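Remarks on the structure that follows.
Each value in this text was obtained by applying a stated rule to the coordinates, not by laboratory testing. Quick caveat: nothing in here was measured; it's all calculated off a predicted structure. Please note: Cβ atoms are built from the backbone with ideal geometry, for glycine as well, and neighbour counts cover all protein chains shown.
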Amino acid sequence: MLHYDSLMRQFNKAGKDLCGDHCLTFSFKDSYYFAIFDGVGSGVYANLAAIGNAGRWGRMIREGISI
């Protein structure tokens, strides 16, 4: 059995409530996936963009896209 640990720490830009980046880790079939998504900027809009892209990428992997 393969095991991995991941640790992530985000720092918000001064004056912003959220970080503009998002990290996604999951296992599917025989593979482990780890990806960092950049929302291009900082704050709420960048955070939403990063989370949205992470969700789409994860769904594409689970639906069979080859990378």
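Give, rounded to the nearest 20 debye, the magnitude of the charge dipole that region 1-57 has about its Cα centre when Lys and Arg contribute +1 at Cβ and Asp and Glu contribute -1 at Cβ. Please report the intermediate quantities before stating the final value.
Working: 5 positive and 5 negative charges, 22 e Å.
Around 100 debye, computed over region 1-57.
As I understand it, the value is the acute angle between the Cα axis of helix 44-62 and the longest principal axis of the Cα atoms of the chain; what does it come to in degrees, rounded to 10?
That works out to roughly 10 degrees.
Would you please give the residues with an amide H less than 5 Å from that of residue 21, counting only those at least 5 places away or on a separate chain, with H modeled from the backbone geometry?
For residue 21, whose amide H was placed from the backbone, the distant partners under 5 Å are 39.
Can you pull out the trypsin sites (Lys or Arg not before Pro) in region 17-67 whose DSSP state is coil and whose Cβ has at most 10 other Cβ atoms within 10 Å? The partial results should precede the final answer.
Working: sites: 29, 56, 59, 62; in loops: 29.
Here the sparse-neighbourhood loop sites are 29.
Could you work out [θ]222 nm for the chain from helices alone, using -39500 (n - 2.57) per DSSP H run of at least four and dividing by all its residues? Round to the nearest 500 deg cm²/dmol. It would help to have the intermediate numbers written out before the result.
Working: 1 runs with 19 residues, N = 67.
Calculated mean residue ellipticity at 222 nm is -9500 deg cm²/dmol.
Once you sort the root eigenvalues of the Cα gyration tensor of region 21-62 as a ≥ b ≥ c, which label holds: rounded (a/c under 1.5), prolate (a/b larger than b/c) or oblate (the other case)?
On the way: a/c = 4.01, a/b = 2.41, b/c = 1.66.
Prolate shape, in that a/c is at least 1.5 and a/b is the bigger ratio.
Could you give me the ³J(HN,Hα) list for region 4-21, computed from phi with Karplus coefficients 6.51, -1.76, 1.60 and θ = phi - 60°, whole Hz, x at Gly and Pro?
Working through the residues one at a time gives 9, 10, 10, 9, 10, 9, 10, 10, 7, 5, 3, x, 9, 8, 10, 8, x, 10 Hz.
Relative to the present Cα-Cα distance, how much length would full extension add between residue 57 and residue 8 at 0.36 nm per residue of separation? Walk me through the intermediate numbers first.
On the way: separation 49, 0.36 × 49 = 17.64 nm, distance 1.91 nm.
So the extension gain works out to 15.7 nm.
Over the chain, what is the relative contact order in whole percent, taking alpha-carbon pairs under 8 Å and six or more residues apart?
Details: 87 pairs, mean separation 18.1, N = 67.
Normalised by residue count, the contact order of the chain is 27 percent.
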